[in-house]
1. Considering every residue within the range 195-218, establish whether at least one is farther than 28 Å from Phe345 by Cβ, in contact (Cβ under 8 Å) with a residue 40 or more places away in the chain and touching a Lys or Arg at 6+ places or on another chain (Cβ under 6 Å).
2. Which numbered condition in (1) closer than 14 Å to Pro286 by Cβ; (2) out of contact with any Lys or Arg (no Cβ under 9 Å at 6 or more places or on another chain); (3) within 16 Å of the ligand (Cβ to nearest atom) is the only one that Ile95 fails?
3. Within the range 91-106, identify whether any single residue is modelled with pLDDT of 95 or more, surrounded by fewer than 18 Cβ atoms within 10 Å (Cβ to Cβ), among the polar types (S, T, N, Q) and over 17 Å from Leu249 (Cβ atoms), and answer yes or no.
4. Name the residue, out of Leu359, Leu376, that is touching a residue at least 60 places away in the same chain (Cβ under 8 Å), crowded, with 17+ Cβ neighbours inside 10 Å and in a helix (DSSP H, G or I).
5. In the range 231-248, which residue that is assigned to a helix (DSSP H, G or I) and in contact with a helix residue (DSSP H, G or I) (Cβ under 7 Å, 6 or more places away or on another chain) is nearest to the ligand (Cβ to nearest atom)?
6. Name every residue in the range 215-230 that is away from the ligand (no atom under 13 Å from the Cβ) and aromatic (Phe, Trp, Tyr), in order of residue number.
7. When both residues are 6+ apart or on different chains and their Cβ atoms are under 7 Å apart, which pairs have a first residue that lies in the range 401-414 and is farther than 8 Å from Leu359 by Cβ, and a second that is polar (S, T, N, Q)?
Amino acid sequence: MAVTAKPGLDAAKLRTDFAIFEQLIHGKPLSYLDSASSTQKPRQVLDTIRWFYETSYANVHRGVYELSQRATTAYEGAREKVRVFVNAPSAREIIFTRQATEGLNLVAYAWGLVNLGPGDIVVATELEHHSNFVPWQYIANRVGADFRLIPIDDQGELRLDVLDEVAAGGEVKVVAAGLVSNSLGTINPIEDLVSWAHELGAITVIDAAQAAPHRPVDVQALDCDFLAFSSHKLCGPTGVGALWGRAELLEAMEPFNLGGHMIRSVKPEKTTWGDLPYKFEAGTQPIAEAVGFGAAIDYISAVGLEAIEEYEHELAAYALERLADVPRLRLFGPPAERRAGIVSFDLEGVHPHDVAQVLDWEGIAIRAGHHCCQPLMARLGVAATNRASFYLYTVRDEIDRLVDGLHKVRKVLG
Ligand SMILES: Cc1ncc(COP(=O)(O)O)c(C=O)c1O
């Protein structure tokens, strides 16, 4: 019997789709290790956006003329791509937003303000990005609900053993959690959190900003209630993202933004709302961006989400192994088998910004800061970390250069 090789991922080949890597930075090849922050864009996505503007651009939905119909078809086609991408039951449940942050705010405001009150508990996690933390903290404060956190252990993994304590003395109404931590790369046990939340009668709001670009995400398998992510982290343009929500919840919710597009009828005495998803899409939408988002989904789907996940996992394991050789380097987060392609570290005695600055001279781009996770930084006992993050175009040589660069930082800065 013929043995078929498992389709792998050829990062060096994929890299040629990204014109940005053709240049030198400070005279050195670019080593871009900041994909958790935002990803680079392949020609296929850029070409689609250009093609759309040059052949099919107009405002959507309102026009009877040919161009508007073409634009509407492309825009709604992108929505269908998002639906398939997260395996949502219906495209009515896919709302285009500006990014994950707006999707999470939409749920916090439109669902939270109406459904939360004194005595209720809103649960987030110590790993949360500010985008799925601050909106819930703010809305909980506004309505008099309790805002509580699921703590992490010393490896940066959620402590499910204390869930009963977290829920004690009130009614948990919302559990807000990320699938993958942007700071530590921790892959969270979302299915367990969802079943816990549902046993308590709470809804679950899942931040998939660091998951959807890197691993298959299936809202029906997760059984969650809302899930948000951004296009720019999956090879698509900035300015657009998606929120998926269960139709029955979205239908019962008040709108978030008000204005054009989202209404059924407007009279001086009363305005009624349009159907899903338009009730939540007020104003002219990021039309070309949504089309580019669809092209990015096509691109990463053709590469294969399983292949991306496996490849990044190998990169993370390699990076953890190599970084362990750098003197006085503290690594944060779980072991390779339980993390995505993100590594955070601290070079003892050197400020993370100085580390990133010296690496920049070598053409290596990594992030230094709190990564929009100040409560997590406080838990780790640091103000900031350095973070290297990988994607489908990352090659091992970039990790080797990072490690060489860190040795150089040690020499230059002690
Ligand atoms: C886990 C996580 N959630 C939310 C966000 C916010 O994404 P955006 O700025 O695209 O809304 C980020 C961005 O870094 C993130 O990493």
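The values are calculated or read from the model by the stated rules, or taken from the named source; none is laboratory data. Keep in mind that this is a model prediction, so the values were computed, not measured. Counting neighbours? That spans all protein chains shown, and the Cβs are built from the backbone with ideal geometry, glycine included.
1. yes
2. With respect to (1) closer than 14 Å to Pro286 by Cβ; (2) out of contact with any Lys or Arg (no Cβ under 9 Å at 6 or more places or on another chain); (3) within 16 Å of the ligand (Cβ to nearest atom), Ile95 is out only on (2).
3. no
4. Just a single option satisfies the conditions, and that option is Leu376.
5. Leu234
6. Phe226
7. Within 7 Å, the pairs are Arg401/Ser31.
A quick yes/no check of all residues on (1) small (Gly, Ala, Ser); (2) surrounded by 15 or more Cβ atoms within 10 Å (Cβ to Cβ); (3) touching a Gly at 6+ places or on another chain (Cβ under 6 Å):
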site: Tyr278; (1), (2), (3): no, yes, no
site: Pro286; (1), (2), (3): no, yes, yes
site: Gly292; (1), (2), (3): yes, yes, yes
site: Ala295; (1), (2), (3): yes, yes, no
site: Ile300; (1), (2), (3): no, yes, no
